[in-house]
Structure formats: C-alpha cells, structure tokens
Amino acid sequence: MKRLGAAFAAAAAGLTLGACEVSIDAEDEAPAAPTVAEAETWMTEAEAAYLDAAIYKERVDWVNRNFITVDTDWLGAKAASEYTALRVRLANEAKRFAGLELPPELARKITLLKTGLTLPAPETAGAAEELNNLATALQSAYGKGKGLYKGTVTPGVDLEALMGTERDPDALLEMWTSWRQVAPPMKPQFERLVEIANAGAGELGYADLGQMWRSNYDMDPDEFAALTDKLWGQVKPLYDELHCHVRAKLGDYYGARLVPQDGPIPAHLLGNMWAQQWGNIYDLVAPEEADPGYDVTELLVAAGYDARKMAKTGEEFFSSLGFAPLPETFWERSLFTKPADREVVCHASAWDIDYVDDIRIKMCTKVNADDFQTMHHELGHNYYQRAYNTQSPLHREGANDGFHEAIGDMIALSITPDYLVKIGLLSEDQVPPASADLGLLMSQALDKIAFLPFGLLVDKWRWQVFSGETTPETYNQDWWNLRTHYQGITPPVARMEGDFDPGAKFHIPANVPYARYFLAHILQFQFHQAACEMAGWEGPLHRCSIYGNAEVGARFNAMMELGMSEPWPDALEAFTGTREMDGSAIIAYFQPLIDYLQEQNQGRQCGW
Ligand code: X8Z
Ligand code: ZN
C-alpha cells in the first residue's frame, strides 16, 4: 500500500508516476491478487486525492472564469489537466479490483470514478494538457463573445436579454446572426477536443464519449437513451399543440410572410437567443381574457430589486423550508453582476469551492423574470451541494445530474401569485382570479414545455458527434436537422459553410452535458407534484406553493442529503414514492392549458 500512497502523493502534486515504479515491483514479485480490504484502503486514499485535486481545480477555475486573461487560462488549463490525469489514473488503477466481489458501495464508487469525468483524456503523454488547453480556450472564447445590436458591439449577456424584449425582426435578426459569429473559430478546436476525449473514453472501456456520458445514470447507456426518447414521446403532444398555437400567434403579429403557417418557425422570433425558452413572447400569445395582470419583471423593477435582493429572496424561500441561511462567505465571494472592467464567463453557475460550505454563484444578473428564475435555479445547486457535504467525496454529487438541475427549478414553481403577495411583491387585490389560470399556465408552458425538445436535442447532436455519425463536414447541417425535427424551428437566414451554430450555445464550448436539463424539466414537476401532495394541497398544481412548509422541506432535504450515495431511483422514491422518471406530472400540471390549446388549434394546420 505504500507504493500506492506514493502514487497518490505524486498525482496530487500533478506529477506523472514513472512507469518504472510499477515494473520494478512487477519484477520483484508476481503481484498478489488484491483483496477487498486493499480495495477499501485504496479507495479511501483515492477519494482523498480526488477531493484535493478537485478543490484545487475549483479554486483556479473560479479565478479563471472571473478574470479571463492569458495567464488565468494557462493556470485553469493546467489545474484541469492535472485533475483529468488523476481521475483517469485512478479509474485505470481501479481496474485491478475488477474480479473481486466488492461490497456494493465500493463497487459503486469505482464505477463513479470512471463515469464521473466529463472530459477524459487518454494516458498518452501530453493528452490531458492538450485537451484542457482546448477546453479552456473554448470556454474563454465564448465568455468574451460579443455581437451587434443596432450596429453597436454588445456583450453576449446583454444580447440575451434584448432577444427577450426586442420585437423588431430586423434587430432580432442582427443579434441572432452576429452572435453566431463567435463560433466558427471554435470549430477546429472542438473537433480536436472530440478526438482526444473520445480516445480517453475508449481507454476507459467505452465505445465513445457519448456512451460514457450516458453511463452515468445507474442503468445501461442504451436504456438511458431509450428512456429519454420515451419521456419525449410522453410530452411531445403538448409541445406540438404549443408550437401550433405560437406559430399562429406569431403569424398574426409578424405576418405569414415572415412566419409561414405550414412550416418551422424562424428561430429569431421566439424571445430567446436559442429559441429554447419562449416565456418572453408571452404578450404575443396570451390567451384572451385570461391575463394574470402582472409581469414579474415589472414587479421586481418597481420594488427596486437588485441582484442581491433577488438572491436574498431565494434564500428566504429556502429558509422558510427549514434550510440554514447561506454562509456569510456566499455573500462576500459570489459574483452577482457583470464587472465593467474585465472579461468573465457570464453564463450563470453555482460553485462548491471546498465541497463543504464555500458555496457561491457567479451570475451577470439582470433584474428580470428570467434571472429571477435563474437565481432560484443556481441557489438550488448551492443548497444541494451543502446538503450532501458530509457524504464521502465521490458521493458529493446529485443523485443524477438531472436532479441537480431540478432542485432550484422546483422551488421556483412555487412562485405563485399568493407567494408574491406573501413577500410583498404583489398586493392582495392583484391576485389573479381563477379565470386567469390559462394565462399563468401559458406563461409557464412557454418556458417549460418549449424547452423540452431543445433539452433533448443538444446531446442527441453531441452523441452523434462522439459516435462519428456526425462528422465535422455535417456538424452544422445535422444540428439544424435536429433543431427542425424536434423543435420545428428554422434558421432565419441561410447557414454558410464554416458556420458552427452549436458553438454559439454555452454548453458546447463549455463541455457541459445537456441531457440533465431535459431530465430536470420532467423531474421538477414530479418533485412539485409530490411536494404539493405532501402539503395536502387540493387546488390546481400551478397555484400550489410550498413556501413556509418545513415538513416538505425536511423531506426534500432528506433526498438532497443522499447526494449520489444511492442509485437515483432510491433518491426519487425517498421524496416522491416512485422510482421512475415520468412525464405524467408535467402533463397533469398543464392539462387545462392542453385542453385550451387543442380547442384553439382546431381548424389550424399544425406541424412543420
Ligand atoms: O445552464 C443553465 C443554468 C446553469 S446550470 C443557468 N440552464 C440551461 C441553459 O441555460 O441552457 C438552465 C436552463 C437550461
Ligand atoms: Zn444548473
């Protein structure tokens, strides 16, 4: 075991373990078959080394993404490659315990060591460095990205907000097109990154990186792909109705020349840079006579909210469920607004710097409804991270990554009119009557239902790329084939050779797997439904708020505390009583709207 200890010390220090060290031992004596006890000890050391390396990487990363410079890119890539090399080495070393009958928890940790790495490199000298240089360069290029608004060079985060409020199709088109100029230079880097990471996945025993990503769900990777398709099959009828109605309304507003009524919708008119959430065009599609009468952006602005106040409001929600307040360090160390004097990665994120309680967010917050939602989303990550902080290091993760994305969203589903009254954003007499329910549901559906096909297709595209089914020659074409097939949208202008539109979406250059958001959009409704049942709620689900319900909070916390220590069906069962991810809760939530949409769509030609 001493030898292993030396290997870990070397690895944690970022040094490569000399190949001779293993061979000398091998010459000395034939390696004895390992025992379970050895495996246990090895894992304890492995987890300690992993945690050290992870914390170091987090700290360096935090600096890099808060201050993008040549030097912090260099540091970030170095820390990440040391981390990658350690993870890969540990995963490979663990192979020697393969023949042993291991206790389930240990066997699970060995699997997690392998599957938990997003970007594996082969053990070839220099591969981890090259891979992480590329990954850092891609993320920083995205972070520094700018486009044009009415001829003025404008940061990505501002364009994102403007895509929600601007209605002039020419200005929308200019933003849409110019933002995508950030991506073509990324294409060769992304291609090379795919090559290296695929080789890394191969060394760990996977067919390709897509299969490795799909292996992170306590089930066979093919079964996971089938599960996502099954879930999509459940909710697709809702999406089809929504698409049909939205296209008709956009046709009324922009005219049928711009929005042909028998084809896909031009992607720049849906209130979002990627047409992924459509809540910002609520005013264009609102059901007649069902207006809730308030707009969350206006309420926040009128009440003088700023980014910190938005975070405080989110914290107060969690406190009402019995969660301890955020640590002082959260308030001191988080980034809440875009700094004027330096480049940062603005895409919102939540951080777990020391894997205990140095939790932070990094967000270029705008005072609007989208970011109020995102604030709750990010805080959900932070509260989850803190809830599982006493688990052993490899279990300090979400039950699956969809759970991690669903926690804060589930809380935000409780931002009902009654809740807004309780926190003083709405007055009693502004609470919309039941006759406005369709408006409330429409506004939610535009974000939540509209998101589903996008949530699914981003990784469908990447899975095709990793498997080689999609080659660099067809990166963009295949992206748009999926966008059209699943979302029923079309690029507003012809795409050119060399365009690389996937690169203009954060998670591609940042290498963040995306199926997690699709799962989260299913799961958050399962959580919400279960929570409302626990609370004894008998009204419509979209009027249910669990604000102030400490009993529900305690049960939610019991699931969160498990982290990744148990297979996700156990965690799901602990809170919802079911072991399946299932679309029936989201369907139940939106049922009255589905009925309305079906009625509205009668006589319309739906589909694209
Ligand atoms: O990336 C995010 C979060 C950070 S994990 C802000 N989301 C996805 C996106 O923006 O594309 C949340 C919804 C989907
Ligand atoms: Zn998230």
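Taking θ as phi - 60° and the Karplus parameters 6.51, -1.76 and 1.60, the scalar couplings of the range 564-572 work out to 9, 6, 10, x, 4, x, 5, 5, 4 Hz in sequence order, x denoting glycine and proline. In order along the range 191-206, phi translates into HN-Hα couplings of 4, 5, 4, 4, 4, 5, 5, 4, 5, x, 5, x, 5, 8, x, 9 Hz, rounded to whole numbers, per the Karplus curve 6.51 cos²θ - 1.76 cosθ + 1.60 with θ = phi - 60° and x for Gly and Pro.
Positive-end ranking of Val512, Phe556, Trp537 along the dipole of the range 503-580, with charges on Cβ about the Cα centre, is headed by Val512.
If you place +1 on the Cβ of every Lys and Arg and -1 on the Cβ of every Asp and Glu, how big does the dipole about the Cα centre of the range 276-369 come out, in debye to the nearest 20? For the range 276-369, the charge dipole is close to 380 debye. The label point for Glu332 and the one for Ser427, both projected 7 Å from the Cα toward the Cβ, are 4.2 nm apart.
Which FRET efficiency value, to the nearest 0.05, is calculated for Ser392 and Val512 with the Förster distance at 25 angstrom and r the Cβ-Cβ distance? My answer for the efficiency is 0.55. Any chance you could give the angle, 0 to 90 degrees and rounded to 10, that helix 584-600 forms with the longest Cα principal axis of the chain? Once rounded, one gets 30 degrees.
Basic side chains Lys and Arg get +1 at the Cβ, acidic Asp and Glu get -1 at the Cβ, and with that the dipole of the chain about its Cα centre reaches some 980 debye.
Applying 1/(1 + (r/R0)^6) with R0 = 45 Å to the Cβ-Cβ distance of Thr44 and Asp71 gives a FRET efficiency near 0.80. Amide H contacts for Glu343 (H built 1.01 Å from N in the peptide plane; partners 5 or more residues away or on another chain; cut-off under 5 Å): Ile68. Since only Ile110, Pro264, Thr124 are under comparison, the one whose Cα sits farthest along the positive direction of the charge dipole of the chain, derived from C-beta charges on Lys, Arg, Asp and Glu, is Pro264. Is the shape of the range 332-433 rounded, prolate or oblate, going by the alpha carbon gyration tensor and its root eigenvalues a ≥ b ≥ c, with a/c under 1.5 for rounded and a/b larger than b/c for prolate? In terms of gyration-tensor shape, oblate. Subtracting the Cα-Cα distance of Asp341 and Ala207 from 0.36 nm times their residue separation leaves 43.7 nm of extension gain.
Taking the C-alpha atoms only, the angle from helix 70-93 to the longest principal axis of the chain is near 60 degrees.
Rounded to the nearest 5, the antiparallel percentage of DSSP beta bridges internal to the chain is 75%. For Gly147, the residues 5 or more places off, or on other chains, whose built amide H falls under 5 Å of its own are Thr154, Gly156. Counting every pair of alpha carbons in the chain, the share spaced more than 37 Å apart comes to 34 percent. Each of Gly322, Tyr217, Gly439 was scored by the projection of its Cα onto the charge dipole of the chain, and the greatest displacement toward the positive side belongs to Gly439; charges sit on the C-beta of Lys, Arg, Asp and Glu. Asp354's amide H: which non-local residues (gap 5+, or another chain) put their own amide H closer than 5 Å, with H modeled 1.01 Å from N in plane and none for Pro or chain starts? So Asp354 has HN proximity to no qualifying residue. Tell me the angle of helix 169-179 to the major Cα principal axis of the chain, expressed in degrees between 0 and 90 and rounded to the nearest ten. Compared with the principal axis, the helix lies near 10 degrees.
Mind checking the log10 I(q)/I(0) for the range 46-153 at q = 0.14, 0.15, 0.22 Å⁻¹? Debye, one equal scatterer per Cα, no solvent, two decimals. So the normalised log intensities work out to -0.64, -0.70, -1.14.
Karplus-based coupling profile of the range 385-394, in residue order and whole Hz: 4, 6, 5, 9, 6, 9, 5, 5, x, 6, with θ = phi - 60° in 6.51 cos²θ - 1.76 cosθ + 1.60 and x standing for Gly or Pro.
Computed from the coordinates by the stated procedures, all read-outs in this text should not be read as laboratory data. Bear in mind the structure is a predicted one, so any value in this text is a computation, not a measurement. Here the Cβ is made from the backbone with ideal geometry for all residues, glycine too, and neighbour counts use every protein chain on show.
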